[in-house]
Amino acid sequence: MKLLFAILAIFMLNKDCEQNKASELTIGRDNSEKTSHDMSQEIKTIWYEASTRGFYERIWVSKDSTTITMDRNHVSKMTYPTSEGDWNELMEKLNKVKVNELPNLEAPTSMRQYDGAAFATLGVVEGKSETTSNSFDHGHPPKAIEAVVNKVLSIKASHEKN
């Protein structure tokens, strides 16, 4: 019985490895052929999160919907439709950013280190991968992503007014 289980486990792991290799090859090929116009087709979600001990917000923006929560457990969420204009403008701003360099961006200020500002992070879900920035001060993003962060926050603000 143990031998049968071991053979089955090896077979399943080998199959997973083959699938991962195939998807890595596909992802590598797709990235090398990608143009800025294709990028908007690949991006599934852009999210922004800001938090301190007493404050939390997370905003997910996708082509179809914008979801906002102030709940750390993401239980209470509000979802709104994302307008085509907002999505296209967000994609234009994101096309000016090198997404693969998000983890290397340095924050221009460090107020979050002494409770002067909330910790903030920007993330981009592209295909099956997710790229996340280093933390920065809420309200003071790195210049490279400032337009994207401001657009995400303006989409949130427009939904809160309605």
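Nothing in this text is a laboratory measurement; each read-out follows from the coordinates by a stated rule. Please read these numbers as outputs of a predicted model, since none were measured by experiment. Backbone-built Cβ (ideal geometry, glycine too); neighbour counts: all protein chains shown.
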Response to the item:
So, relative contact order of segment 36-161 in percent, Cα under 8 Å, 6 or more apart, is 27
Practice prompt. Please give the FRET efficiency for residue 53 paired with residue 84, using the beta carbon to beta carbon distance and R0 = 35 Å, rounded to the nearest 0.05.
Written response: 0.40
Worksheet item: If amide H atoms are built 1.01 Å from N in the plane of the peptide, which residues on other chains or at least 5 residues away come under 5 Å of the amide H of residue 109?
Response: 137
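Sorting check: for 86-95, 47-56, 107-116, which peptide has the highest mean count of neighbouring beta carbons within 10 Å, and how do the rest follow?
Listed from highest to lowest mean packing, they are 86-95, 47-56, 107-116.
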Practice prompt. Hand me the tally of lysine pairs in segment 36-161: alpha carbons under 19 angstrom apart, and the pair either on different chains or 8 or more positions apart.
Written response: 26
Discussion item. Can you work out the Karplus-derived ³J(HN,Hα) for every residue in segment 150-162? Use 6.51 cos²θ - 1.76 cosθ + 1.60 with θ = phi - 60°, whole Hz, and x for glycine or proline.
Written reply: 4, 5, 4, 5, 6, 5, 4, 4, 5, 6, 5, 5, 7
Worksheet item: In nanometres, what is the gap between the two model label sites at residue 115 and residue 101, each 7 Å from Cα along Cα-to-Cβ?
Response: 3.6
Item to complete: Figure the gain on full extension for residue 44 and residue 73 (residue separation times 0.36 nm, minus the Cα-Cα span) and round it to one decimal in nm.
Response: 8.2 nm
Worksheet item: Taking θ as phi - 60°, what are the ³J(HN,Hα) couplings along segment 93-99 by the Karplus curve (6.51, -1.76, 1.60), each to the nearest whole Hz, with x for Gly and Pro?
Response: 5, 5, 5, 8, 9, 8, 4
Response to the item:
Total charge of the residues flanking residue 67 in space, meaning their Cβ is under 9 Å from its Cβ, with Lys and Arg +1 and Asp and Glu -1, is +2
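By count of other Cβ within 10 Å, fewest leading, how are 59, 145 ordered?
Ascending number of Cβ neighbours within 10 Å: 59, 145.
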Worksheet item: How do 75, 97 line up, fewest other C-beta atoms within 10 Å first?
Response: 75, 97
